[in-house]
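Comments concern the structure below.
The values are calculated or read from the model by the stated rules, or taken from the named source; none is laboratory data. Values in this document were obtained by computation on a predicted structure and should not be read as measured data. Please note: Cβ atoms are built from the backbone with ideal geometry, for glycine as well, and neighbour counts cover all protein chains shown.
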Amino acid sequence: MYTTLISAEQLKHLVHDHKPLMVFDCSFELMKPAEGDAQYERVRIAGAVRANVDRHLSAKDKAQAVNGGRHPLPRPEVFAAWLASVGFQSDMQAVVYDRQGANYCGRLWWMLKWVGHENVAVLDGGLQAWEAVNGPVATGPDLPRVPSAFKAGAPRAQLATTEDVLKHLELPDQTLIDARAPARFRGEVEPLDPVAGHIPGALNRPFGENLGPDGKFKSAAQLKAEFQALLGERRPQSVVHHCGSGVSALPNLLAMEIAGLGRGALYAGSWSEWCASPDRPVARG
């Protein structure tokens, strides 16, 4: 059972041994939403299911959403219905990947745990790592799948709401970690949302800092040291992760779990939901 990371070699062994397995390609380009689908069709891990952040991992309308923001989470039963439509089953090991430094596949990693499926891991190094070990690949459009009876179970991941964040704002029992780039965090630029800045009291750790030069996650010991330096006297159990819209926060959440610091909460609405109301405080600098 792989629950955080899986290496390309480990995945090759699972494929070779014909273990119950489903691989998901979550490649995405935020500023070019159609590019992820094109990347999938150009080359992907053989047998991988397409998981598009906009179409499959976000709610299509407010009636299906559990939060606001640019990428609202679909209700668990809606997400589970999509998993069933592609044939996912509860006995499967799920493996998720992208080719953007784990920026997008972490969303599906977390969502599967949110609907009760613990056996999900991020492919360390993404598609690039798979190609480096000569793993089999495929091209062309996605193939039809045989549906399953998958249903959502008890959540294994913690979701924080705007109300939760507000209630504990700048109190010692909540530590916010913002995964956006430093210039966006400081409010110097804002290319996506109508207001620039960050939630008061938040700490900043850009999600890319979790990866080494090889595109893989840093060691557990290094990640632990870095997060402990960021947190100082704050407890790891108090951490709530967020970003712009609840996607790029997940590499931070995953990295803390790899480091042995527990599974923090996700504020899925993130900055895009927070800044939608002028009544909520904004910090800059």
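Worth pointing out:
- Pairs with Cβ under 6 Å, 6+ apart, first in segment 132-147 and among the basic types (Lys, Arg), second surrounded by 10 or more Cβ atoms within 10 Å (Cβ to Cβ): 145/86; 145/87
- Those residues of segment 6-57 which are under 21 Å from residue 246 (Cβ atoms) and surrounded by 22 or more Cβ atoms within 10 Å (Cβ to Cβ), in sequence order: 24, 25, 26, 27, 28, 36, 51, 53, 57
- Matching residues in segment 41-99 - criterion: being basic (Lys, Arg) and in contact with a Lys or Arg (Cβ under 9 Å, 6 or more places away or on another chain): 44, 50
- Strands (runs of 3 or more DSSP E) within segment 76-187 that include 3 or more residues buried (at least 19 other Cβ atoms within 10 Å of the Cβ) and not assigned by TED's automatic domain parsing to the domain that holds residue 251: 93-97, 120-123
- Residue 18 without any contact (Cβ under 8 Å) to a residue 60 or more places away in the chain, in contact with a helix residue (DSSP H, G or I) (Cβ under 6 Å, 6 or more places away or on another chain) and either closer than 25 Å to residue 277 by Cβ or part of a loop (DSSP other than H, G, I, E, B) (or both): no
- Of all residues making up segment 1-15, the number that are within 28 Å of residue 264 (Cα to Cα) and touching a residue at least 60 places away in the same chain (Cβ under 8 Å): 9
- In segment 202-214 there is at least one residue matching the filter, namely being in contact (Cβ under 8 Å) with a residue 60 or more places away in the chain, over 30 Å from residue 8 (Cα atoms), within 20 Å of the chain's Cα centre (by Cα) and not in a helix (DSSP H, G or I).
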